[in-house]
Amino acid sequence: MFLNDYKATIGVDFALKTVTFDDRTLVKLQLWDIAGQERFASMTRVYFNNAVGAFVVLDVTRESTYNGMEAWKRDIDSKIKLPGTDSPIPIILLANKVDKLEEGQERFLRQHLDTISRELGFTCWFETSAKEDIAITEAMKCLVELMVER
């Protein structure tokens, strides 16, 4: 749910979300918003504990979030593996606020995110808008499918 008077996460925020996986299966997700601010980076191991999938979100309207996105991806990869393996968990990049892009920026953004996603080893990526509810459900379902199949 998008709130017009959204305030940045301080520390951590927690939510439960139920997603339909198939016709017979509901999956309950625990979503931990662990704040993108660098000052909270030292606490990530606690929040990452037992994670089997992740979203990394960048704001396409703020270039500074691209550097943060790379740092979060590296941090997750270095601290979390699939249980009983040395394999990374599925991590999906969410390019948020696509509703704010100016005309003509979409093509460049897609090419850029294809490259970044491939180079950094994201499982996949989605263009999203929390405000306009663009591709949020699709991204959730994709992550659930990836977590279930692994």
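The values are calculated or read from the model by the stated rules, or taken from the named source; none is laboratory data. Note that the structure is a prediction, hence the values are computed from the model and not measured. When we count neighbours, we look across all protein chains shown, and the Cβ atoms used for this are built from the backbone with ideal geometry, even at glycine.
Points worth noting:
- From Ser117, Ser129, residue being closer than 30 Å to Leu26 by Cα, among the hydroxyl-bearing types (Ser, Thr, Tyr), in contact with a helix residue (DSSP H, G or I) (Cβ under 9 Å, 6 or more places away or on another chain) and modelled with pLDDT of 95 or more: Ser129
Conditions tested, residue by residue: (1) surrounded by 13 or more Cβ atoms within 10 Å (Cβ to Cβ); (2) charged (D, E, K, R); (3) modelled with pLDDT of 90 or more; (4) not in a loop (DSSP other than H, G, I, E, B).
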position: Phe21; (1), (2), (3), (4): yes, no, no, yes
position: Leu29; (1), (2), (3), (4): yes, no, no, yes
position: Ala35; (1), (2), (3), (4): yes, no, no, no
position: Arg39; (1), (2), (3), (4): no, yes, no, yes
position: Val52; (1), (2), (3), (4): yes, no, yes, no
position: Phe55; (1), (2), (3), (4): yes, no, yes, yes
position: Thr61; (1), (2), (3), (4): yes, no, yes, no
position: Asn67; (1), (2), (3), (4): no, no, no, yes
position: Asp75; (1), (2), (3), (4): yes, yes, yes, yes
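Here is a yes/no grid of residues against (1) aliphatic (A, V, I, L, M); (2) buried (at least 18 other Cβ atoms within 10 Å of the Cβ); (3) without any contact (Cβ under 8 Å) to a residue 40 or more places away in the chain; (4) under 18 Å from Phe48 (Cα atoms):
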{"site": "Thr85", "(1), (2), (3), (4)": "no, no, yes, yes"}
{"site": "Leu93", "(1), (2), (3), (4)": "yes, yes, yes, yes"}
{"site": "Lys97", "(1), (2), (3), (4)": "no, yes, yes, no"}
{"site": "Lys100", "(1), (2), (3), (4)": "no, no, no, no"}
{"site": "Glu106", "(1), (2), (3), (4)": "no, no, yes, no"}
{"site": "His112", "(1), (2), (3), (4)": "no, no, yes, no"}
{"site": "Asp133", "(1), (2), (3), (4)": "no, no, no, no"}
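- Scanning the range 80-98 for residues that are in a helix (DSSP H, G or I), modelled with pLDDT of 90 or more, over 13 Å from the mean Cα position of the chain (by Cα) and closer than 20 Å to Glu127 by Cβ turns up at least one hit.
- If only residues of the range 136-150 that are of a type in the set (A, V, I, L, M) and in contact (Cβ under 8 Å) with a residue 40 or more places away in the chain are counted, the one that is surrounded by the fewest Cβ atoms within 10 Å (Cβ to Cβ) is Val148.
- Search result, residues across the range 114-150 that are basic (Lys, Arg) and either part of a helix (DSSP H, G or I) or closer than 20 Å to Trp72 by Cα (or both): Arg118, Lys141
- Candidate set: the range 1-19, residues that are part of a strand (DSSP E or B) and over 19 Å from Val148 (Cβ atoms); chosen: the one modelled with the highest pLDDT: Ala15
- Pairing residues of the range 62-76 that are free of Cβ contacts under 8 Å to residues at least 40 places away in the same chain with residues that are among the hydroxyl-bearing types (Ser, Thr, Tyr) and assigned to a helix (DSSP H, G or I), at Cβ distances under 6 Å and at least 6 apart in sequence or on separate chains, gives Asp75/Thr44.
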